[in-house]
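Let me give you the structure first, and then I'll get to my questions.
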Amino acid sequence: MYEIWLVMNIVWEIALGIWPLLAAAALAWVVVMALALLRPAPGWRAGLPLALGIGAVAAAIAFFAVPSLTKSSLGELAYWVDWANLLAVALGFGAAAVAFAWPLLALRRSSRAR
């Protein structure tokens, strides 16, 4: 349990260091969502499979890239908590990719219908 609390504190401290970037990303997401929701007939269902595929690719790339970006390697992950953290970070990148790709693809799909 201590390891999970430690990871949560580390994530919080990292977020505090990059909060302007996180705020800009959140604002960009709100704008993209507003554009998609204000469109008369966005293609949400049509855009979902490709958005999920983009998220899966982003998560896979993050899974292998994050260790080297943090000056580590997959070989140094010896404890199950390390693997769980890496998987959670990769899934977070995948979820962020889906969150941006889905409304953009819904906009693209609705413009094709016209």
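Using +1 at the Cβ of each Lys and Arg and -1 at the Cβ of each Asp and Glu in the chain, identify which of ALA62, PRO20, LEU37 lies farthest towards the dipole's positive end.
It is LEU37.
Ok, one more. Report in % the part of the accessible area of the chain that belongs to carbon and sulfur, leaving out ligands and nucleic acids; probe 1.4 Å. Display every interim value, and only then the final one.
Values: 6140 of 7950 Å².
Using a 1.4 Å probe with all protein chains present, the chain comes out at 77 percent carbon and sulfur.
Still on this structure, I have one more. For region 1-86, with every protein chain kept in place, what is the accessible area per residue (1.4 Å probe, Å²)?
74 Å²
Can you give me the distance in nm between label points at TYR2 and ALA15, each placed 7 Å from the Cα along the Cα-to-Cβ direction?
The modelled label-to-label distance comes out at 2.4 nm.
For the chain, what is the mean residue ellipticity at 222 nm derived from helices alone (per DSSP H run of n ≥ 4: -39500 (n - 2.57); sum divided by total residues; nearest 500 deg cm²/dmol)? Don't jump to the answer; show the numbers that get you there.
Numbers: 4 runs with 96 residues, N = 114.
About -29500 deg cm²/dmol.
Another question about this same structure. Helix by helix through the chain, keep the DSSP H runs that span 30 Å or more along the axis on Cα and average at least 1.0 on Kyte-Doolittle, and give those back in order.
Working: long enough: 44-69 (36 Å, 1.62); 80-113 (48 Å, 0.94).
The qualifying helices are 44-69.
For the chain, what does the convex hull of the Cα positions come to per residue, in cubic angstrom? Walk me through the numbers on the way to the answer.
Numbers: hull volume 13.3 nm³, N = 114.
Taking only Cα atoms, the chain has a hull volume of 117 Å³ per residue.
Charges only on Cβ, +1 for Lys and Arg, -1 for Asp and Glu: so what's the dipole of the chain about the Cα centre, in debye to the nearest 20?
On the way: 7 positive and 4 negative charges, 195 e Å.
For this selection, approximately 940 debye.
The values are calculated or read from the model by the stated rules, or taken from the named source; none is laboratory data. Given the structure is predicted, the values throughout are model-derived calculations rather than measurements. A quick note on method: Cβ atoms are made from the backbone with ideal geometry, for glycine too, and the neighbour counts reach across all protein chains shown. Please note that ligands, DNA and RNA were not included when accessible areas were found on the heavy atoms of the full protein model with its side chains. Shrake-Rupley method; radii C 1.70, N 1.55, O 1.52, S 1.80 Å.
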